[in-house]
Amino acid sequence: MANSKPILQNPQQRAIVATTAVFILLGIFAFFGYWYGKKASDSGSTALTNSNTAVQNSNTVASNKPQQTAISGKITKILENAVELQVISGETTRSVLASITKDTILRKLDFRTIPKNGVGDGVAIKKGDLKVGLNVVVITTDSNPEKVNAQKVSMVIYP
């Protein structure tokens with residue numbers, strides 16, 4: 001026994017055994033991945049049907065809501081219960097009167113403070129913070145292009 005040789009005598013034999021072991025492990029992982037995927041898809045088919053029904057129901061509810069429109073422009077006049085905006089689209093300029101009520105949400109959007117994922121609604125402001133020359137975005141459900149009732153007015157500060 002003092003003169004026993006190892007089973008794998010040269011590097012080529014070791015490489016063949018190691019490659020075979022890797023392929024066997026890959027086969028085992030592939031089998032379990034396939035089995036787990038089939039098991040999940042069989043049990044998830046009812047959940048998928050239920051979620052599709054929920055999406056269809058939410059689309060029906062959403063279609064009953066009035067369509068919101070965003071109007072972007074510069075404040076040209078501040079009235080007692082409204083602001084007048086100068087809206088530029090392409091080469092045309094138009095004036096929009098946005099009524100502000102006590103239910104109108106007033107926010108300040110500072111693009112330097114919005115998180116990287118883009119989710120952010122800014123900070124609450126008062127009507128007195130709105131000044132002539134500021135850029136604002138008005139959210140409304142009205143379709144009249146000249147006079148709208150503002151649901152939300154966001155003062156936009158660009159970096």
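When S41 is tested against (1) modelled with pLDDT of 90 or more; (2) surrounded by 10 or more Cβ atoms within 10 Å (Cβ to Cβ), just one condition goes unmet, and that condition is (1). Filtering segment 121-146 to residues that are within 17 Å of D103 (Cα to Cα) and either part of a loop (DSSP other than H, G, I, E, B) or outside the structural domain of E80 (by TED's automatic domain parsing) (or both) leaves D121, I125, K126, L130, T141, D142. Taken over segment 90-117, the residue count meeting the criterion of being assigned to a strand (DSSP E or B), at pLDDT below 85 and not hydrophobic (A, V, I, L, M, F, W, C) is 1.
The values are calculated or read from the model by the stated rules, or taken from the named source; none is laboratory data. All figures in this text were calculated on a predicted structure; none of them were measured in a lab. For neighbour counting, all protein chains shown are included, and Cβ atoms are generated from backbone atoms with ideal geometry for every residue, glycine included.
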